[in-house]
Amino acid sequence: MSTVDQRPLADPEQPEEPTNRPAPRDRFREWIARPYARRIVILTVILTLLIVPVAFLVLHFMNLSGGPASPVMYEIEKTMFVFTVVSAPLMAVTLAILLYSLVGWGRVKAKGLEPPMQESPAIRGNSTATVLWISATSVLAFFLVVWGITELATITAYSYGSTAADQQPNSQKAVVVNVTGQQWVWTFEYPDEQGITSPTLVVPVNRPVYFNVTSLDVVHNFWAVELGIKIDANPGAVTNTGVTPTKLGTFNIRCAELCGLHHAYMETTVKVVTPEEYQAWVREMGGKRMA
Amino acid sequence: MSTATVSIHEQADVPQPVQHGAPGGFVRHCNILTGIAAGLVLAVVTYFVGSLWLVPWGTTTANYVQVGNDALWAATFIAWVIGFMAGIGAFAGPIRWSLGRDLTHADAEYLAGKDLGRARYWKYTTDHKVVGLQYLVMALVLFGVGGLLAMMIRTELGVTWKEVFSPDFYNAIIGTHGIVMIIAMIIAVAGPLGNFILPIMIGARDMAFPRLNALSFWLLFAAVPPLLISLAMGGIRDGWSVYQPLSAQAPTGAIGYQVTIIVFAFSTGIAAVNLITTTVTMRARGMTWNRVPVFAIGIIASSIMGLIWFPMFQYSQVLALSDRAFGSSFFNPVNGGSVWLYENLFWLLGHPEVYVVVIPATAAMMEIAVVFMRKPLFSYKIAVAGFAGVVGISAIVWVHHMYMTGWAPAANYPFMLSTELISIPFGFLVLVLLGTIWRGKAWTSLPMMAVYVLLWNKVVGGITGVYLSDTPVDQYMHGSMFVVAHFHFMLMGAGLFGAMGAIVYWFPKMTARMFDERIGSIGFWTAFFGFQLTFMSMFVAGLQGQPRRVLQFDNAFNISNWLSTIGAYIIGIGMLIFLAAVITSWRSGVKAPANPWASTSLEWQTQTPVPLENFPVLPVVTSDPYDYGVPDPYDTASSKDQAKQTVGAR
């Protein structure tokens, strides 16, 4: 009643049964020796090198006013850059095959109504190519997922972490702003500054700002473009976001959700100022610092 | 030729239906004109009767005055649809059946348009080839309307120094452009080609439900006028997504949108059931699931998504209509409704809709690549797996349209995951197309060039889609021109250019004329380069931070908008040239032989023009339709693999 497998162990000295398939390395050598394979690989590399600079172009267009104005915007631009770079080879290989197909493997034309009946190799499937393609796209997709989740956690911490700053000294406490959208203006209320209200947003630099966003009528979208934050302003609900501006200057706020007649003109500005200028502005608006 | 069918009816032991009157019965008196007349009469009567009763009722019972007027117009539009369908004879069938009068063979032949000549295109005709051509013309008309509106949009955005249109009208044209193009794209491939080509391709005599086929087309026909009339009633001023509660404050034109979507959803649902049932039950002998043309699989995949998700969209509009016409508050936050509920219901279809459009076009490209490369499909199974994967994952990605709504920030994580995973099955489809192109000699005919164009546009659209699926990036890009450029690359770049290639490919079979490729190619390539200019510039405008759906903007965006507008006009010119090629070829092109591309697929084996029941003798299928090519000269090491694959495929 022994359950021990009594078959002889494979002899390590004995060579394995020979198969028809050569070793992967030899198969690769055989493949790359084909003229088209070499050319497509070279073409792919060249195209990749041509596409990668697009990533810099992307940064250029996203940086009209020069450099990100908040850590959130920095993370967004970094992500755009990385995604462009990592997807460049995929785009390059597709383009390389398409271009090479038109110039390298031959073209035929019909004569009148007669089909050319050219001869092409009958390739039904190729497990190596399939495995390589699916692995490459899967690895890329999983990289993007992991990157995206990490980045989302990071910017969420930047945006929503501001509420935890209650214990900090006054100069570092989050500035709370209640943002109200209505057709077709934005109103900014500062509850901690005795409820002063303003049609433009003024915030101190390097201090977290926390937004409670709502709408009086239809759905708007509060988009502080250069600060890289965006959240819907919904009627009947309050949504939140936050940011720590790190650059002085005047930036754009636009409505990014169609809200009717003058949607295009529902714009205002956010002025990022020094703490002293901010205090001066608060006093000027009629508020007084509490505590 | 229809002897097989006749002989069944003539068997002595089968009780014969009794012929009542002339073949066709009531439908003999019906055509599109009686339909329009009946629709208008019923609509006008409803409007006047309704204005006596509904408007006073509305002003006294509901929260706002609008209600009565909206209910009136909803009733009028619905009366138009019912009247039209009655006038064209859609109800004759059910009434006959309830009276116990079965169709005789002569009736069935009349309904299929036998011996009716051109009149059959204007009637409630059940022949799938007639329905296919009706869909083709309808799609062309809708593209014409949508394209004209697109030109108006680009004109407004190109003239950066003043408003060409009033903001009201501008908002109306962007909304109407959106929904007209969405409807046109949904029917562009599955309508003409799914109806005309698919049954022949699988060796059937007609669709599984011929009368439902006619119903699906004429419902679509009846659904479109309320949409276009709404332009005269203030239009759809709230984008094609008609977010609530903006839609609730829009003028009465919004009712046109809601009625159109509700009716159109019935039309697509019926068409989807018909296409699926036809492919499942009507295949020729020997056509096992391994031998079904991949185009049919693509149409099934698209139909499944439409069948599951369209009811969500339809119901969102039923509820929205109820909000307007009865003053209920499903979506009105003032009375406890939820704007997020609407957004979820809308995007449940709104996203899979893109795949509903792109997948049939991609599947058609696979058929084309095979024929013009004279190579087998690279891998049937990977293609099917790709379709299945897209259909499966499409069910769980809709929230990526709502990352920035604040509805459920924690849900952004799982939906980012699912959205990025859908790129893997999409990659399968790209792999199959690239593998089919790989090492083949290309017959560089216009349909084949559409394959190259589709692949390029799909890769650009796919990669920019990956950016948008990433929540942090979407925090910048959401609601910007970048999104607009991205989905135009998918819907127009892949969907429309693919549809153009597919229509050119099957043109000889559908119209019995050869397509004028010389003129057609000029139009196609002009449109292609205009397309690249328009939407590449639009990506730049998006990166610079231009929101979508605006008619005036910061000077920083001027250059990219000018380029975009120039590109749009080039597209317009290209499309007009292409349309001219379609029309002249259809009217006076060279007579097409039965199989001009030397394809092995079934639809090319029957004669041209295709006879009433498609095949004199139904074919028997012994292999898949991809048996092309010569032995691979390089094929040494992998011969065992290939033998295995080939056995599986045959």
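Checking each residue in the range A:112-140 for being more than 7 Å from every other protein chain (Cβ to nearest Cβ) and closer than 24 Å to residue B:627 by Cβ picks out A:114, A:128.
Which one is nearest to residue B:475 (Cα to Cα), of the residues in the range A:48-62 that are in contact with a helix residue (DSSP H, G or I) (Cβ under 7 Å, 6 or more places away or on another chain), within 12 Å of chain B (Cβ to nearest Cβ) and open to solvent by 10 Å² or more (accessible area, probe 1.4 Å)? Reasoning before the result, please.
Kept after step one, since they are in contact with a helix residue (DSSP H, G or I) (Cβ under 7 Å, 6 or more places away or on another chain), are these residues of the range A:48-62: A:48, A:51-52, A:54-55, A:58-59, A:61-62.
Adding the requirement that they be within 12 Å of chain B (Cβ to nearest Cβ) leaves A:51, A:54-55, A:58-59, A:61-62.
When the remaining residues are screened for being open to solvent by 10 Å² or more (accessible area, probe 1.4 Å), the result is A:51, A:54, A:58-59, A:61-62.
Details: A:51: 25, A:54: 21, A:58: 16, A:59: 16, A:61: 16, A:62: 13 Å.
Taking the candidates together, the pick is A:62.
Inspect the range B:448-470 for any residue being open to solvent by less than 10 Å² (accessible area, probe 1.4 Å), over 25 Å from the mean Cα position of the chain (by Cα) and at the interface with chain A (Cβ under 9 Å from one of its Cβ atoms) and give the result as yes or no. Yes; the residues of the range B:448-470 include at least one that is open to solvent by less than 10 Å² (accessible area, probe 1.4 Å), over 25 Å from the mean Cα position of the chain (by Cα) and at the interface with chain A (Cβ under 9 Å from one of its Cβ atoms). For residue B:382, the conditions (1) at the interface with chain A (Cβ under 10 Å from one of its Cβ atoms); (2) crowded, with 24+ Cβ neighbours inside 10 Å all hold with the exception of (2). Restricting attention to the range A:96-111 and to residues that are in a helix (DSSP H, G or I) and more than 7 Å from chain B (Cβ to nearest Cβ), the residue that is surrounded by the fewest Cβ atoms within 10 Å (Cβ to Cβ) turns out to be A:103. Say whether the condition of being modelled with pLDDT under 85, over 33 Å from the mean Cα position of the chain (by Cα), open to solvent by less than 60 Å² (accessible area, probe 1.4 Å) and at the interface with another protein chain (Cβ under 9 Å from one of its Cβ atoms) is met by at least one residue in the range A:20-39. Yes, the conditions are met somewhere in the range A:20-39.
Taking the stated definitions as given, is residue B:498 within 25 Å of residue A:116 (Cβ to Cβ) and in contact with a helix residue (DSSP H, G or I) (Cβ under 9 Å, 6 or more places away or on another chain)?
yes
Looking only at residues in the range B:394-409 that are without any contact (Cβ under 8 Å) to a residue 24 or more places away in the chain and at the interface with another protein chain (Cβ under 9 Å from one of its Cβ atoms), the one that is most open to solvent (accessible area, probe 1.4 Å) is B:409.
Looking across the range A:216-230, the residues that are open to solvent by less than 10 Å² (accessible area, probe 1.4 Å) and within 9 Å of another protein chain (Cβ to nearest Cβ) come down to A:218, A:219, A:221, A:223, A:225, A:228, A:229, A:230. The set of residues in the range B:93-112 being assigned to a loop (DSSP other than H, G, I, E, B) and farther than 30 Å from residue B:502 by Cβ consists of B:99, B:100, B:101, B:102, B:103, B:104.
To keep it simple, each residue is scored yes or no on (1) part of a helix (DSSP H, G or I); (2) of a type in the set (Gly, Ala, Ser); (3) modelled with pLDDT of 95 or more.
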site: B:452; (1), (2), (3): yes, no, yes
site: B:457; (1), (2), (3): yes, no, yes
site: B:462; (1), (2), (3): yes, yes, no
site: B:467; (1), (2), (3): yes, no, no
site: B:472; (1), (2), (3): yes, no, no
site: B:475; (1), (2), (3): yes, no, no
site: B:484; (1), (2), (3): yes, no, yes
site: B:489; (1), (2), (3): yes, no, yes
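Only residues that are within 14 Å of chain A (Cβ to nearest Cβ), open to solvent by 10 Å² or more (accessible area, probe 1.4 Å) and out of contact with any strand residue (DSSP E or B) (no Cβ under 9 Å at 6 or more places or on another chain) were counted in the range B:341-377, giving 3. You will find that of B:540, B:473, B:550, the residue that is β-branched (Val, Ile, Thr), closer than 24 Å to residue A:221 by Cα and open to solvent by 10 Å² or more (accessible area, probe 1.4 Å) is B:540 and no other. Selection over the range B:113-139 of residues that are surrounded by fewer than 24 Cβ atoms within 10 Å (Cβ to Cβ) and part of a loop (DSSP other than H, G, I, E, B) gives a count of 4.
Taking each residue of the range A:237-262 that is within 11 Å of another protein chain (Cβ to nearest Cβ) and without any contact (Cβ under 8 Å) to a residue 60 or more places away in the chain and looking for partners that are open to solvent by less than 10 Å² (accessible area, probe 1.4 Å) and charged (D, E, K, R) with beta-carbon atoms closer than 7 Å, six or more apart or interchain, yields A:239/A:232; A:256/A:230; A:257/A:232; A:258/B:238. The single condition among (1) over 25 Å from residue B:137 (Cβ atoms); (2) of a type in the set (Ser, Thr, Tyr); (3) more than 12 Å from every other protein chain (Cβ to nearest Cβ); (4) buried (at least 21 other Cβ atoms within 10 Å of the Cβ) that residue B:569 does not meet is (4).
Of everything in the range A:63-92 that is open to solvent by 40 Å² or more (accessible area, probe 1.4 Å) and within 27 Å of residue B:439 (Cα to Cα), the residue that is farthest from the other protein chains (Cβ to nearest Cβ) is A:89.
Of everything in the range B:410-436 that is crowded, with 22+ Cβ neighbours inside 10 Å and farther than 25 Å from residue B:368 by Cα, the residue that is farthest from the other protein chains (Cβ to nearest Cβ) is B:419. Please verify whether residue B:356 is in a loop (DSSP other than H, G, I, E, B), of a type in the set (Val, Ile, Thr) and touching a residue at least 24 places away in the same chain (Cβ under 8 Å), treating the condition exactly as stated. The answer is no for residue B:356.
Read through the list (1) over 21 Å from residue B:358 (Cβ atoms); (2) out of contact with any Asp or Glu (no Cβ under 6 Å at 6 or more places or on another chain); (3) in a helix (DSSP H, G or I), then give the number of the only condition that residue B:440 fails. Just one mismatch for residue B:440, condition (3).
Scanning the range B:22-38 for residues that are under 18 Å from residue B:115 (Cα atoms) and either open to solvent by 50 Å² or more (accessible area, probe 1.4 Å) or part of a loop (DSSP other than H, G, I, E, B) (or both) yields a count of 8.
Scanning the range A:65-92 for residues that are more than 13 Å from residue A:52 (Cα to Cα) and either without any contact (Cβ under 8 Å) to a residue 60 or more places away in the chain or in a helix (DSSP H, G or I) (or both) yields A:66, A:71, A:72, A:73, A:74, A:75, A:76, A:77, A:78, A:79.
Keeping to the range B:577-632, report how many residues are in a helix (DSSP H, G or I) and either within 27 Å of the chain's Cα centre (by Cα) or modelled with pLDDT of 95 or more (or both).
Total meeting the criteria: 14.
Could you tell me whether any residue of the range B:231-239 is touching a residue at least 24 places away in the same chain (Cβ under 8 Å), part of a loop (DSSP other than H, G, I, E, B) and open to solvent by 30 Å² or more (accessible area, probe 1.4 Å)? The answer is yes; a qualifying residue exists.
The values are calculated or read from the model by the stated rules, or taken from the named source; none is laboratory data. Model, not experiment: these values are computed from the prediction. As a convention, Cβ positions derive from the backbone with ideal geometry for all residues, glycine included, and neighbour counts pool all protein chains shown. Heavy atoms of the whole protein, side chains included, go into the accessibility calculation; ligands, DNA and RNA do not. Shrake-Rupley method; radii C 1.70, N 1.55, O 1.52, S 1.80 Å.
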